[in-house]
Amino acid sequence: MARRQKTVSVPRVESGVYLAKSEQFVMEARTAHEGSRHDAAMLNAIHGAISAVDAVTVALAGLRSADPDHHRAVDLLEEIASGSEEIKARVRQMRQLLAKKNMVEYETRRASAKEARDAVERASRIVEWAAVTVRRARV
């Protein structure tokens, strides 16, 4: 049985707010990575990607996930654009990023420079894609 999504309606024009947040998080992630603050880099990168997903779901459907489990935001993205190969690729990237979130946020193990760099690069690509997608939505 499919899990029912907790979502909230958001005016599509607000997608730019989520996009701006995603860009800020990724900028901070880059700065943290350059300063060898790998845990902060990873967590900011992941939150940047989550905000980018919110920007896209708001732009395309006027909805964003309200579930505290960030995987539900990715599920919503997948649901909104089912069938799109471009979206499926972003969903896979997001799931890979989210798999690292608990490790960096709650476990005692520290993020490595390589893990941080990878997270920043992945999140940057997701945010860039979100910016293009929001523009295409013409909101």
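The values are calculated or read from the model by the stated rules, or taken from the named source; none is laboratory data. Remember, predicted model here, so these are calculated numbers, not experimental data. Counting neighbours? That spans all protein chains shown, and the Cβs are built from the backbone with ideal geometry, glycine included.
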Subset of the stretch 38-85 that is surrounded by fewer than 17 Cβ atoms within 10 Å (Cβ to Cβ) and part of a loop (DSSP other than H, G, I, E, B) - its residue that is farthest from the chain's Cα centre (by Cα): 83
Residues that are loosely packed, with under 10 Cβ neighbours inside 10 Å and part of a helix (DSSP H, G or I), drawn from the stretch 101-116: 102, 106, 114
Subset of the stretch 5-60 [at pLDDT below 95 and touching an Asp or Glu at 6+ places or on another chain (Cβ under 6 Å)]: 6
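Would you tally the residues in the stretch 117-139 being of a type in the set (Gly, Ala, Ser) and either free of Cβ contacts under 8 Å to residues at least 60 places away in the same chain or not in a helix (DSSP H, G or I) (or both)? Break it down stepwise before answering.
First, the residues of the stretch 117-139 that are of a type in the set (Gly, Ala, Ser): 119, 123-124, 130-131, 137.
Cutting the leftovers down to either free of Cβ contacts under 8 Å to residues at least 60 places away in the same chain or not in a helix (DSSP H, G or I) (or both) gives us none.
Residues flagged as of a type in the set (Gly, Ala, Ser) and either free of Cβ contacts under 8 Å to residues at least 60 places away in the same chain or not in a helix (DSSP H, G or I) (or both) within the stretch 117-139 amount to 0.
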